[in-house]
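Take a look at the structure set out below.
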Amino acid sequence: MKAAILVESNKPLVLDDIELPSNLEYGQVLVKVVYTGICGAQINEIEARKGPDKFLPHLLGHEAGGIVEKCGTGVSKVKPGDHVVMHWRQGRGIQAPTPKYRWKGKIVNAGWVTTFNEYAIVSENRLTPIPEDFDLKTAALYGCAITTGYGVVFNDAHLKSGESLVVVGAGGAGMSVILMASLIGANPIIAVDIRDDKLIKAKEFGATHVINSKKENAREGIMQILPQGSDAAVDCTGIKAIRELCYEITNHCGRTILVGVPMSGERIEIDSFPLHFNKVITGSYGGDIDPDYVIPRLIALQHTGRLSLKGLISHEFKFNQINEALDMVRRGEVLRCLLKM
């Protein structure tokens, strides 16, 4: 089968044939990947933002829609033929051993889920079954972007109707935060980005105000709209100055949520005094969601028409165009980019 392999940090992925293990172990599931999304997390892995990569060569990808081909012993959550969302957040079921693929006589490492491969051996707890008639292209969005947006709003920011929100970085995750905040009636919702095309989309997804920080001072623009500061601010960039800005523009009892992953060892400077009272700053780990609880409910909501993901997939590539797609993600030119496997 074809797979995109990270052989060396900061280099293009190598697209080549690899060998599947001969047998499935306890709790493992073989899945045919149909569509996979590309997340900023994969860019972080390729660029070794968290530090030297100890597991090279290895596979990547953590959000996809697929079809179950075969199940190992102990698996009860899914069966062959089931359509599934493949996700990186741990759900219910067995946490199986991670698979070892082979390429040119060498072991290729993989985590509990990978999606930049035509077939993947996945841990049972990284799969959530979905209705067979649900579009597998849209299903890929539920592997990370949409569920992260849900979790940031409900679990991390504890946002309530009528509360204000600032989101910096209007990519797939940021746009999902805006969408979920608009669903519960947050107001105002301010989107900040450096691209006008993304800000136009942000208004379509529920932003009440937009600021192009390349053209105007973001802090001044935010404070003009919210003189007392925002109830919640979400950074989706990982950039030091923006993480600090999000903390500064939250009010005295505001919540700052850091979604974007920073470079390893890069520290922020904040005035910690307000933290002794009611102000909060926290990092988000995929919105701390239970995918087996959240995914079915959001899909049901989408079926009612109240949740629309139209326009969130901005680009689609063939699998053999993966490095071109990754370059577009790096340049910030996409909302959510999918690969058709």
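Over the range 119-187, what portion of Cα pair distances is larger than 17 Å, expressed as a whole percent?
Details: 1175 of 2346 pairs.
Here the long-distance tail beyond 17 Å is 50 percent of all Cα pairs in the range 119-187.
Count the lysine pairs in the range 150-284 whose Cα atoms lie under 20 Å apart, taking only pairs 8 or more positions apart in sequence or on different chains.
Counting lysine pairs in the range 150-284 gives 11.
Could you give each residue of the range 178-184 its phi-based ³J(HN,Hα) in whole Hz, using Karplus coefficients 6.51, -1.76, 1.60 with θ = phi - 60°, and x for Gly or Pro?
4, 4, 5, 5, 5, 5, 9
Could you pull the Rg and Dmax for the range 288-341, using just the Cα atoms, both in Å?
14.4, 37
Order 264, 176, 9 by their accessible area, 1.4 angstrom probe, all chains in place, largest first. Numbers along the way, then the final one.
Numbers: 264 75, 176 0, 9 30 Å².
If we order 264, 176, 9 from most to least accessible, we get 264, 9, 176.
One quarter of the convex hull surface, Cα atoms only: what value does that give for the range 146-285 in nm²?
Working: hull surface 30.5 nm².
Answer in nm², one decimal: 7.6.
Please report, in debye to the nearest 20, how large the charge dipole of the range 6-133 is about its Cα centre when each Lys and Arg carries +1 at its beta carbon and each Asp and Glu carries -1 there. Walk me through the numbers on the way to the answer.
On the way: 15 positive and 15 negative charges, 85 e Å.
Dipole about the Cα centre, nearest 20: 400 debye.
How much of residue 168 can a 1.4 Å solvent probe reach, expressed as accessible area in Å² and rounded to 10?
That residue has around 10 Å² of solvent-accessible surface.
For residue 210, list long-range residues whose amide hydrogen, built 1.01 Å from N in the peptide plane, is under 5 Å from its own amide hydrogen.
For residue 210, whose amide H was placed from the backbone, the distant partners under 5 Å are 191.
Long-range amide H contacts for residue 5: which residues qualify at under 5 Å (H placed 1.01 Å from N, peptide plane, sequence gap of 5 or more or a different chain)?
14, 15, 16
How much length is gained if the chain between residue 23 and residue 301 is pulled fully straight, taking 0.36 nm per residue apart and subtracting their Cα-Cα distance, in nm to one decimal? All intermediate terms of the calculation are to be shown ahead of the outcome.
Working: separation 278, 0.36 × 278 = 100.08 nm, distance 3.83 nm.
That works out to 96.3 nm of additional length.
Show the residues, 5+ positions off or on another chain, whose built amide H is closer than 5 Å to the amide H of residue 340.
For residue 340, whose amide H was placed from the backbone, the distant partners under 5 Å are 317, 318, 319.
Mind checking which lysines have their C-alpha under 26 Å from residue 100, skipping anything on the same chain fewer than 8 residues away?
List returned: 2, 11, 32, 50, 54, 70, 77, 79, 318, 340.
Using only the Cα atoms, work out Rg/Rh for the chain, with Rh taken as the Kirkwood radius, to two decimals.
Values: Rg = 20.0 Å, Rh = 20.4 Å.
Here Rg/Rh amounts to 0.98.
The range 1-66: Rg/Rh from Cα coordinates, Kirkwood Rh?
Here the Rg-to-Rh quotient is 0.98.
Could you work out the relative contact order of the range 17-138? I mean the mean sequence separation of Cα pairs under 8 Å and 6+ apart, divided by the number of residues, in percent. Write out the running numbers ahead of the final one.
On the way: 294 pairs, mean separation 42.9, N = 122.
The normalised contact order for the range 17-138 reaches 35 percent.
Along the range 39-48, what does the Karplus equation 6.51 cos²θ - 1.76 cosθ + 1.60 (θ = phi - 60°) give for ³J(HN,Hα), rounded to whole Hz, x for Gly and Pro?
Taking θ as phi minus 60°, the curve returns 10, x, 4, 5, 4, 4, 5, 4, 8, 6 Hz for the range 39-48.
How far apart, in nm, are two points set 7 Å out from the Cα along the Cα-to-Cβ line at residue 161 and at residue 278?
For residue 161 paired with residue 278, the spin-label model returns 2.1 nm.
In what order, largest first, do 150, 247 sit by accessible area if the probe radius is 1.4 Å? Write out the running numbers ahead of the final one.
Details: 150 50, 247 10 Å².
I get 150, 247, largest accessible area first.
Which distance in Å, rounded to a whole number, links the C-alpha centroids of the range 137-155 and the range 267-284?
Distance between centres, Cα-based: 26 Å.
What does the highest-first list of 288-298, 101-111 look like by mean Cβ count within 10 Å?
Ranked from most to least packed, the peptides come out as 288-298, 101-111.
Under a no-solvent Debye model with one identical scatterer per Cα of the range 1-137, what's log10 I(q)/I(0) at q = 0.14, 0.21 Å⁻¹?
Taking Cα atoms of the range 1-137 as identical point scatterers yields -0.59, -1.27.
Using the heavy atoms of the protein chains and a 1.4 angstrom probe, tell me the accessible area per residue for the range 106-232 in square angstrom.
Working: 4500 Å² over 127 residues.
So the range 106-232 comes to 35 Å² accessible per residue, rounded to a whole number.
Measure off, as a whole percent, the carbon and sulfur share of the 1.4 Å-probe accessible area of the chain, all protein chains present. Please list the in-between numbers first.
Working: 7540 of 14880 Å².
That fraction is 51 percent.
Ordering 25, 63 by how much accessible area each has at a 1.4 Å probe, largest first, what is the list?
Reading off the accessible areas and sorting them downward yields 25, 63.
Once you sort the root eigenvalues of the Cα gyration tensor of the range 104-224 as a ≥ b ≥ c, which label holds: rounded (a/c under 1.5), prolate (a/b larger than b/c) or oblate (the other case)?
On the way: a/c = 2.61, a/b = 1.89, b/c = 1.38.
Since a/c reaches 1.5 and a/b is larger than b/c, the shape of the range 104-224 is classed as prolate.
Kirkwood hydrodynamic radius, the range 229-314, all distinct C-alpha pairs: what's the number in Å?
On the way: mean 1/r = 0.0666 Å⁻¹.
After inverting the pairwise mean of 1/r, the radius is 15.0 Å.
The values are calculated or read from the model by the stated rules, or taken from the named source; none is laboratory data. The structure displayed is predicted, hence computed values, not measured ones. Heads up, the Cβs are rebuilt from the backbone with ideal geometry, glycines too, and the neighbour counts pull from every protein chain shown. In case anyone asks, the SASA skips ligands and DNA or RNA and just uses the protein heavy atoms, side chains included. Shrake-Rupley method; radii C 1.70, N 1.55, O 1.52, S 1.80 Å.
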